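Below is one structure; the comments refer to it alone.
The values are calculated or read from the model by the stated rules, or taken from the named source; none is laboratory data. Since we're looking at a predicted model, the values are computed, not measured. Neighbour counts run over all protein chains shown; Cβ positions are idealised from the backbone, glycine included.
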Amino acid sequence: MKNIHTMPFGTRIIADGSVLFRLFAPSARTVDLCLEDGRGRQDLYPMDSPPGGWFQVQVSSAGTGFLYRFRIDFDMLVPDPASRAQLDDIHGPSVVVEPTDFLWQDDDWQGRPWEETILYEIHTGTFSPAGTFIGITKRLPYLADLGITAIELMPVAGFPGERNWGYDAVLLFAPDTSYGSPHDLKQLIQAAHAVGIMVFLDVVYNHFGPEGNYLSVYGRDAFFTAKHHTPWGEAINFSGKDDKTVRDFFIHNALYWLEEYHFDGLRLDAVHMLFDDSHPDILEEIASSIKEGPGKARHIHLVLENDNNEAHYLNRAANDSPEYYTAQWNDDLHHACHVLLTGEKRGLYIDYADDPLHHLGRCLTEGFSYQGEMSPYRHHTPRGDKSSHLPPLAFVSFLQNHDQIGNRIQGERLTVLVSEPLLRIAAALVLLAPLPPLLFMGEEFGATTPFLFFCDFTPEFAEKVAEGRRHGFNRSLEDSDPTVLASMPDPGAIESYQRSCLNWQEKEGETGRRFLQLYKNLLSLRHRYIIPSLTNMRDGQAWYRVIGSMALHASWILGDGSRLQLVANFATNAIDMPLRLSGTTLYSDPLINDYSVKQRIIAPQSILWFFES
């Protein structure tokens, strides 16, 4: 099977072997195509300028593998913003790619239903010793054996330098050369499908990175608007002059990854920084385009990160299928857990400091904790929509992810902040709850390596980024003490990247083996008991209560009518349990005997799951 996503941007190889080059450059007076041989020779071809800001030229002497850039107004050479591949970094030549050169062999793959999803977040550059797509491919059997059903790649689109989290990309269609070729990425996805693992991609549609953003040179008025601002500068223009072309650019990008690369889903980063008063808005239009496109033929899952907690994007149709988006990362649940586990109450955690168990219980049974309540962290403004009408499957839960680790000054994981007994409780809570869970790479073997913020900008941008990080920590999880801020690792230093690489030897140590066995056991239970019961779960079938000051009871009626109950005690002392639990013990940590259940005693720092079919 050969796959190509046809779009109005970039290059297209015509049936006669010639190549059509197109560039949307409404701010440019002239554009020339510059074909390069990699050794300094350049051949220039003036590009026609049809109405509407488009420039194009068809060249019979070009073909697969040719190098090219565009010359703007007889001056600046820029890469193709829709480049499918780069020769090297983002500033250099783009490469003409023939997508059908890759022969797909996953014709029978239809994806997996959402209720089977167990996500595992990966940063390509730090996951394996090789730091490449091939390095991930070699670890797929390990992930399948662990019980993972979906990997989620942090953004892989072209970014400046050799290392980056990926959220500073500027070439949104080109896998970054530091990770490998388009062929390598396709091979990773095909190999994942062969072992039953879905592949999700994190995409960034709220800004372009600060370095190499040449769109601001020849398309500034079209792509950006001064009406709205983001932490990264002017917002993307989704509802102004030339907004149709801008919207198409991002819609085609989403379709491109799903169709040309066979990704099974997308995670859209920080959509609360997308500003659009159109109807439908850009998020709705992206979702509808996917639903009417690749979503008709196979399972495609769309996940949001949305600090605004806007529930309408997650609404379900009459047949329980998502109207737009499948789920949202539930930061509320993470924050409540973090306060319970660490006792930290500064910065954004102030919103959960008053009663973290109440916030956690509400997240487990109703989705968002903030459903219109005033947020102290957000200057006592209301946050969020009512979400209790949505099923648990609409909320992705996690204890750790790249943001929650990497946006700490020292990038610490919970393994160095929290005792093992509490971590075991939290892991069992997240992995057996009806909400789809997400793990951050290495979590399953108790990795202690930090995940720091790192980048590889030129000195001019590197200093601005470092200063921006220091400024941002003034309202961070920790504090603005000058000595603490001074200890922040330099994002541009190679050491920050190297320290963030997983140490796989930890998996073989005593602690690593103990954590790995825990996670394998919990995921095995999820596959056997929880996943088969999740289909057709309804709203209003869950409730919770706080017991004392440090214990929580939650209960769910699952889709097949079975009942799941949780009792967790985060205290160091035993607590009387004012209820009688029915069903069989699905899991307990530490191991319990019938006496403690009959006597209604909740052991110190313990968790119990009960299942009744």
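Quick grid of which residues meet (1) modelled with pLDDT under 95; (2) surrounded by 24 or more Cβ atoms within 10 Å (Cβ to Cβ); (3) assigned to a loop (DSSP other than H, G, I, E, B); (4) of a type in the set (Ser, Thr, Tyr):
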{"residue": "Ile148", "(1), (2), (3), (4)": "no, no, yes, no"}
{"residue": "Ala169", "(1), (2), (3), (4)": "no, yes, yes, no"}
{"residue": "Gly180", "(1), (2), (3), (4)": "no, no, yes, no"}
{"residue": "Asp184", "(1), (2), (3), (4)": "no, no, no, no"}
{"residue": "Gln190", "(1), (2), (3), (4)": "no, no, no, no"}
{"residue": "His193", "(1), (2), (3), (4)": "no, no, no, no"}
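Restricting attention to the range 103-138, report how many residues are over 27 Å from Leu87 (Cα atoms) and under 20 Å from the mean Cα position of the chain (by Cα).
Residues in the range 103-138 being over 27 Å from Leu87 (Cα atoms) and under 20 Å from the mean Cα position of the chain (by Cα): 11 in total.
Hey, which of the helices (runs of 4 or more DSSP H) in the range 220-321, taking only ones fully inside, have at least 3 residues that are within 23 Å of the chain's Cα centre (by Cα) and either assigned by TED's automatic domain parsing to the domain that holds Arg29 or in contact (Cβ under 8 Å) with a residue 24 or more places away in the chain (or both)?
So the answer is 243-260, 282-291.
Name the single residue that is farthest from Arg163 (Cα to Cα) among those in the range 75-99 being at pLDDT 95 or above and over 32 Å from the mean Cα position of the chain (by Cα).
Met76
Modelled with pLDDT of 95 or more, out of contact with any helix residue (DSSP H, G or I) (no Cβ under 7 Å at 6 or more places or on another chain), surrounded by fewer than 18 Cβ atoms within 10 Å (Cβ to Cβ) and in a strand (DSSP E or B) - does that describe any residue in the range 539-552?
Within the range 539-552, one or more residues are modelled with pLDDT of 95 or more, out of contact with any helix residue (DSSP H, G or I) (no Cβ under 7 Å at 6 or more places or on another chain), surrounded by fewer than 18 Cβ atoms within 10 Å (Cβ to Cβ) and in a strand (DSSP E or B).
Give the range 378-396 a look and list any residue that's under 25 Å from the mean Cα position of the chain (by Cα) and hydroxyl-bearing (Ser, Thr, Tyr), or say none.
Ser387, Ser388
Keeping to the range 68-107, report how many residues are free of Cβ contacts under 8 Å to residues at least 24 places away in the same chain and of a type in the set (Asp, Glu).
Summing the residues that are free of Cβ contacts under 8 Å to residues at least 24 places away in the same chain and of a type in the set (Asp, Glu) in the range 68-107 gives 1.
Would you be able to say whether some residue in the range 90-113 is within 30 Å of Leu452 (Cα to Cα) and crowded, with 19+ Cβ neighbours inside 10 Å?
Yes, the range 90-113 contains at least one residue that is within 30 Å of Leu452 (Cα to Cα) and crowded, with 19+ Cβ neighbours inside 10 Å.
From the list Arg69, Arg84, Arg29, Arg112, which residue is of a type in the set (Lys, Arg), in contact with a strand residue (DSSP E or B) (Cβ under 8 Å, 6 or more places away or on another chain) and over 17 Å from Gly212 (Cβ atoms)?
After ruling out the rest, the residue left standing is Arg112.
Taking strands (runs of 3 or more DSSP E) that do not extend beyond the range 48-99, which have at least 2 residues that are of a type in the set (Phe, Trp, Tyr)?
Numbers: elements: 54-59, 67-72, 76-78.
Answer list for the range 48-99: 54-59, 67-72.
Going by the structure shown, is Gln404 outside any helix (DSSP H, G or I), closer than 30 Å to His123 by Cα and not charged (D, E, K, R)?
no
Take Glu121 and tell me if it is touching a helix residue (DSSP H, G or I) at 6+ places or on another chain (Cβ under 8 Å), surrounded by fewer than 20 Cβ atoms within 10 Å (Cβ to Cβ) and at pLDDT 95 or above.
no
Results for (1) at pLDDT 95 or above; (2) in contact with a helix residue (DSSP H, G or I) (Cβ under 6 Å, 6 or more places away or on another chain); (3) crowded, with 20+ Cβ neighbours inside 10 Å, shown as yes or no for each residue.
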site: Asp243; (1), (2), (3): no, no, no
site: Leu258; (1), (2), (3): yes, yes, yes
site: Phe263; (1), (2), (3): yes, yes, yes
site: Asp269; (1), (2), (3): yes, no, yes
site: Ser289; (1), (2), (3): yes, yes, no
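Just the residues that are at pLDDT below 95 and not charged (D, E, K, R), please, taken from the range 351-372.
Of everything in the range 351-372, nothing turns out to be at pLDDT below 95 and not charged (D, E, K, R).
Given the condition at pLDDT below 95, of a type in the set (D, E, K, R) and either surrounded by fewer than 16 Cβ atoms within 10 Å (Cβ to Cβ) or in a helix (DSSP H, G or I) (or both), answer yes or no: does some residue in the range 528-538 qualify?
Within the range 528-538, one or more residues are at pLDDT below 95, of a type in the set (D, E, K, R) and either surrounded by fewer than 16 Cβ atoms within 10 Å (Cβ to Cβ) or in a helix (DSSP H, G or I) (or both).
Mind listing whichever residues of the range 353-392 are touching a residue at least 60 places away in the same chain (Cβ under 8 Å), in contact with a Phe, Trp or Tyr (Cβ under 7 Å, 6 or more places away or on another chain) and either assigned to a loop (DSSP other than H, G, I, E, B) or surrounded by fewer than 17 Cβ atoms within 10 Å (Cβ to Cβ) (or both)?
Arg383, Gly384, Ser387 - these are the residues of the range 353-392 that are touching a residue at least 60 places away in the same chain (Cβ under 8 Å), in contact with a Phe, Trp or Tyr (Cβ under 7 Å, 6 or more places away or on another chain) and either assigned to a loop (DSSP other than H, G, I, E, B) or surrounded by fewer than 17 Cβ atoms within 10 Å (Cβ to Cβ) (or both).
Checking the conditions here, which among Phe395, Phe445, Phe451, Phe440 is of a type in the set (Phe, Trp, Tyr), buried (at least 21 other Cβ atoms within 10 Å of the Cβ), under 23 Å from Phe611 (Cα atoms) and in contact (Cβ under 8 Å) with a residue 12 or more places away in the chain?
Details: Phe445 fails: under 23 Å from Phe611 (Cα atoms); Phe451 fails: under 23 Å from Phe611 (Cα atoms); Phe440 fails: under 23 Å from Phe611 (Cα atoms).
On inspection, the qualifying residue turns out to be Phe395.
If Ile134 satisfies every condition in (1) under 17 Å from Gly209 (Cβ atoms); (2) part of a helix (DSSP H, G or I) but one, which is the exception?
That leaves (1) as the condition not met.
Test Tyr45 against the stated conditions and say whether it is out of contact with any Gly (no Cβ under 8 Å at 6 or more places or on another chain), under 27 Å from His262 (Cβ atoms) and modelled with pLDDT of 95 or more. Break it down into steps so the answer makes sense when it comes.
Working: out of contact with any Gly (no Cβ under 8 Å at 6 or more places or on another chain): yes; under 27 Å from His262 (Cβ atoms): no; modelled with pLDDT of 95 or more: yes.
Considered against the rule, which asks whether it is out of contact with any Gly (no Cβ under 8 Å at 6 or more places or on another chain), under 27 Å from His262 (Cβ atoms) and modelled with pLDDT of 95 or more, Tyr45 comes out as no.
Is it fair to say Ile4 is over 35 Å from the mean Cα position of the chain (by Cα) and not charged (D, E, K, R)?
Spelling it out, it is not the case that Ile4 is over 35 Å from the mean Cα position of the chain (by Cα) and not charged (D, E, K, R).
Among (1) part of a loop (DSSP other than H, G, I, E, B); (2) modelled with pLDDT under 95; (3) closer than 26 Å to Met154 by Cα, there is one condition Tyr205 misses while meeting the rest; what is its number?
(2)
Kindly indicate the residue of the range 4-56 that is touching a residue at least 60 places away in the same chain (Cβ under 8 Å) and surrounded by fewer than 15 Cβ atoms within 10 Å (Cβ to Cβ) and also farthest from Ala254 (Cα to Cα) among those meeting that condition.
Gly52
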